[in-house]
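Undergrad: First, the structure itself, so that you have it in front of you.
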Amino acid sequence: MKRTVLVSLLLTLALPAVTPKRSASFAFARWQTGSTPDFPAIDANALMDHIKVLSSDRFEGRAPGSRGEDLTIRYIEDQFRKHGLGAGNVDGSYLQEVPMVGLTPEPTITLLFKKDSEEARLNYLADFVAWTRRVVPTTSLNNSPLLFVGYGVQAPEFDWDDYKGVDVRGRTLVMLVNDPPVPDPGDPARLDPRVFGGDMMTYYGRWTYKFDIGAAKGAAGILLVHETGPAGYPWSVVESFGGERFDLLAPDRNMGKASLEGWISLDQARKMFAMAGQDFESLKKQAARRSFRPVALAVTVSADLHNQIRDLESHNVLAKLEGSDPQLKGECLVYTAHWDHFGIGQPVDGDPIYHGAVDNASGVAGLIEIGGAFAKRPERPKRSILFLATTGEEQGLIGAEYYVANPVFPLAKTLAVINLDGLNVYGRTKDVTLIGLGNSELDDYARRAASAQGREVRADPDPEKGLFYRSDHFSFVKRGVPALDPASGIQYVGKPADFGRNIRGEYTARDYHKPSDKVKSGWDLGGMIEDLQLLWMVGYQVASADRYPEWNTASEFKATRDAQLKAAGAHQ
């Protein structure tokens, strides 16, 4: 079970203590009255056509605020109309405007590390990637002292504090990514499952948490040390964070954020620690202990960052299927998929277009066709279904964050969210992966649907990557709404036993956040179709059930949901 303290940067960087977990099972006979519908037909050719169009050169990588966005949102809207889905926004349109700001750091930025007369100047993209979320034309660090704060975590429920009361104002924090790897006292070869979820990354391990807590404490700058294993992706993915970055347009122009945020490569981090007279590996080991205290590195960093700034309106695309029950159609279940990718950027092998075929043209294709499957069926669920294609997911879940702050259906009347992000294009599987398995009763709906397909549900095979905190459903989750975050299974029908894990690793290393994420010859959408049929069935059953799905007792999100429903007078 993932245990995180996230409402703190959402409320106070802390959540209430959790209580012991109860069984997730409940009476499935209460799902609905009447018979269970058959799985719907899903057209593989239609799915492939959507993916090809959305990931084509013409759509220019689907960056927010670009010509690619204009083409993308119109395409999605047209497809929703074609399938007979109604406009989803409260103003009677299919579009929800999302006010954003785009910040592009000039690539001439350098980081200058200095100790006495010794200097080291790092190069943008090759050695570091940095930006500011402050909406200002220039920002700088001027001989800011470096302070190593280990993993940069404060987790009172684990009696963990990497700051130990040290005043970090004016300093630049150096942090490690992921959670502190605490050994199990009974078996030092494995991680202690009682602390930070063992080998499962918690929200404390996410770089978004680390930037936010550093800013909340008044740090001038924050640098994360990149390591491929703990980060879950290679340095080439960090390079994709360069160029224009987007954020919601905040009233304070984000002046509460650090002057500079970014990543430094492992090789350059080791050199910087050596310049400070410290051994990186030794300090890394110390940082995995509760007794760790921040270490001043006796090195300063300077940087001047010049921004190009543009305000823009991006858009979520929303469609709706109204529920059949007049008393319940004001409640909804949400399917979501992000439409954005990285647009036109740094060329790789001569290609500057970041096509995003798997990530996430595949998810948008699935969203469109699930919507069509609902619209074609004469038997509608009792509650409404909202189909939400979001902007800015790759920039920090921006479109989802805006939606949950401005929902069409109140969150207390939103039963659950089902996320479609990076669907299976490699063939049928004997299993389906649920990221965050064990969090809620939605798992049981998925198990029942998988069983009807002759398949099984499995947990995330790469829990250390923290995928549950990295996609749009999490914006709903941290506000209490239960979520189902499916991923491809790993037991492929007719393939070697290691095919599933190998193909996941190859995609991450070769195509993830790169221009090469294109439609490939030999793709087989049979597995995508079965996954979409399963998710359609889960959505139909949840939207027709006689009560809301619940978080399991041990979930850190249960208290937020319970308070939300109580305040709204919603029923379960």
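Undergrad: Of the residues Phe80, Phe59, only one is more than 24 Å from the chain's Cα centre (by Cα), of a type outside the set (Gly, Ala, Ser) and either within 26 Å of Gly102 (Cβ to Cβ) or buried (at least 21 other Cβ atoms within 10 Å of the Cβ) (or both); which? Show your work before the answer.
TA: Numbers: Phe59 fails: more than 24 Å from the chain's Cα centre (by Cα).
Only one candidate qualifies: Phe80.
Undergrad: Applying the selection to the stretch 514-535, what residues are touching a Phe, Trp or Tyr at 6+ places or on another chain (Cβ under 7 Å) and part of a helix (DSSP H, G or I)?
TA: Gly527, Gln533
Undergrad: A further question on this structure: Taking the residues in the stretch 493-513 that are outside any helix (DSSP H, G or I) and in contact (Cβ under 8 Å) with a residue 40 or more places away in the chain as candidates, determine which candidate is surrounded by the fewest Cβ atoms within 10 Å (Cβ to Cβ).
TA: Narrowing the stretch 493-513 to residues outside any helix (DSSP H, G or I): 493-498, 511-513.
From what's left, in contact (Cβ under 8 Å) with a residue 40 or more places away in the chain: 493-495, 511-513.
Numbers: Val493: 15, Gly494: 7, Lys495: 16, Asp511: 18, Tyr512: 20, His513: 22.
Applying the filter and picking the extreme gives Gly494.
Undergrad: Still on this model: Tell me, please, whether a residue that is closer than 14 Å to Ser324 by Cα and among the aromatic types (Phe, Trp, Tyr) can be found in the stretch 398-406. Write out each step before concluding.
TA: Step one: of the stretch 398-406, the residues closer than 14 Å to Ser324 by Cα are none.
No - not one qualifying residue is present in the stretch 398-406.
Undergrad: Take the stretch 175-189 and flag every residue that is more than 13 Å from Phe292 (Cβ to Cβ), touching a strand residue (DSSP E or B) at 6+ places or on another chain (Cβ under 7 Å) and at pLDDT 90 or above. Steps first, please.
TA: Pass one, the stretch 175-189, residues more than 13 Å from Phe292 (Cβ to Cβ): 177-179, 183-189.
The next check asks that each one be touching a strand residue (DSSP E or B) at 6+ places or on another chain (Cβ under 7 Å); those that pass are 177, 183-184.
Scanning the stretch 175-189 gives Val177, Pro183.
Undergrad: Filter the stretch 519-534 down to the residues that are among the charged types (D, E, K, R) and crowded, with 20+ Cβ neighbours inside 10 Å and list them by number.
TA: We begin by selecting, within the stretch 519-534, every residue among the charged types (D, E, K, R); these are 520, 524, 530-531.
Glu530, Asp531 - these are the residues of the stretch 519-534 that are among the charged types (D, E, K, R) and crowded, with 20+ Cβ neighbours inside 10 Å.
Undergrad: Here is a follow-up. Looking only at the stretch 25-50, count how many residues are part of a loop (DSSP other than H, G, I, E, B) and modelled with pLDDT of 50 or more.
TA: Result for the stretch 25-50: 9.
Undergrad: How many residues are at pLDDT below 95 and farther than 24 Å from Glu239 by Cα when one looks only at the stretch 131-158?
TA: Within the stretch 131-158, residues that are at pLDDT below 95 and farther than 24 Å from Glu239 by Cα number 4.
Undergrad: Then there is this: Tell me which residues, restricted to the stretch 484-543, are under 17 Å from Leu467 (Cα atoms) and among the hydroxyl-bearing types (Ser, Thr, Tyr).
TA: Passing the criteria: Ser488, Tyr507, Thr508, Tyr512.
Condition check ((1) surrounded by fewer than 22 Cβ atoms within 10 Å (Cβ to Cβ); (2) touching a Cys at 6+ places or on another chain (Cβ under 9 Å)) across all residues:
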{"position": "Glu379", "(1), (2)": "yes, no"}
{"position": "Arg383", "(1), (2)": "no, yes"}
{"position": "Ala389", "(1), (2)": "no, no"}
{"position": "Thr433", "(1), (2)": "no, no"}
{"position": "Ser451", "(1), (2)": "yes, no"}
{"position": "Arg458", "(1), (2)": "yes, no"}
{"position": "Phe474", "(1), (2)": "no, no"}
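Undergrad: Return the pair list, or none, for Cβ contacts closer than 8 Å from residues in the stretch 421-434 that are modelled with pLDDT of 95 or more to residues that are of a type in the set (Val, Ile, Thr) and part of a loop (DSSP other than H, G, I, E, B), at least 6 apart or on different chains.
TA: That search, which allows pairs on different chains as well, returns Gly427/Val493; Arg428/Val493; Thr429/Ile490; Thr429/Val493; Lys430/Val493; Asp431/Ile490; Thr433/Ile490.
Undergrad: Kindly check whether there is at least one residue in the stretch 74-97 that is among the aliphatic types (A, V, I, L, M), more than 26 Å from Arg380 (Cα to Cα) and either assigned by TED's automatic domain parsing to the domain that holds Ala375 or not in a loop (DSSP other than H, G, I, E, B) (or both).
TA: The initial filter retains those residues of the stretch 74-97 that are among the aliphatic types (A, V, I, L, M), namely 76, 85, 87, 90, 95.
Next, only the ones that are more than 26 Å from Arg380 (Cα to Cα) stay: none.
The answer is no; no qualifying residue exists.
Undergrad: Ok, one more. Taking the stretch 268-301, which residues are hydrophobic (A, V, I, L, M, F, W, C), farther than 14 Å from Tyr163 by Cα and over 29 Å from the mean Cα position of the chain (by Cα)?
TA: Of all residues in the stretch 268-301, those hydrophobic (A, V, I, L, M, F, W, C) come to 269, 272-276, 280, 283, 287-288, 292, 295-299, 301.
Restricting the remaining residues to those that are farther than 14 Å from Tyr163 by Cα gives 269, 272-276, 280, 283, 297-299, 301.
Those that are hydrophobic (A, V, I, L, M, F, W, C), farther than 14 Å from Tyr163 by Cα and over 29 Å from the mean Cα position of the chain (by Cα): Met272, Phe273, Ala274, Met275, Ala276, Phe280, Leu283, Leu297, Ala298, Val299, Val301.
Undergrad: Can Ser265 be described as over 30 Å from Tyr403 (Cα atoms), of a type in the set (Ser, Thr, Tyr) and either surrounded by fewer than 18 Cβ atoms within 10 Å (Cβ to Cβ) or without any contact (Cβ under 8 Å) to a residue 24 or more places away in the chain (or both)?
TA: Against the criterion (over 30 Å from Tyr403 (Cα atoms), of a type in the set (Ser, Thr, Tyr) and either surrounded by fewer than 18 Cβ atoms within 10 Å (Cβ to Cβ) or without any contact (Cβ under 8 Å) to a residue 24 or more places away in the chain (or both)), Ser265 does not qualify.
Undergrad: Of (1) over 30 Å from Trp339 (Cα atoms); (2) touching a residue at least 40 places away in the same chain (Cβ under 8 Å), Asp279 satisfies all except one. Which?
TA: (2)
Undergrad: Name the residues in the stretch 396-421 that are surrounded by fewer than 21 Cβ atoms within 10 Å (Cβ to Cβ) and farther than 20 Å from Gln564 by Cβ, would you?
TA: Gly396, the sole residue that qualifies.
Undergrad: Assess whether Ser362 counts as being in contact (Cβ under 8 Å) with a residue 24 or more places away in the chain, polar (S, T, N, Q) and closer than 26 Å to Ala509 by Cα. It would help to see each step written out before you state the result.
TA: Working: in contact (Cβ under 8 Å) with a residue 24 or more places away in the chain: yes; polar (S, T, N, Q): yes; closer than 26 Å to Ala509 by Cα: yes.
Yes: the conditions hold for Ser362.
The values are calculated or read from the model by the stated rules, or taken from the named source; none is laboratory data. For clarity, every value in this text was computed on a predicted model and none was experimentally measured. With ideal geometry, Cβ positions are generated from the backbone for all residues, glycine too; neighbour counts draw on all protein chains shown.
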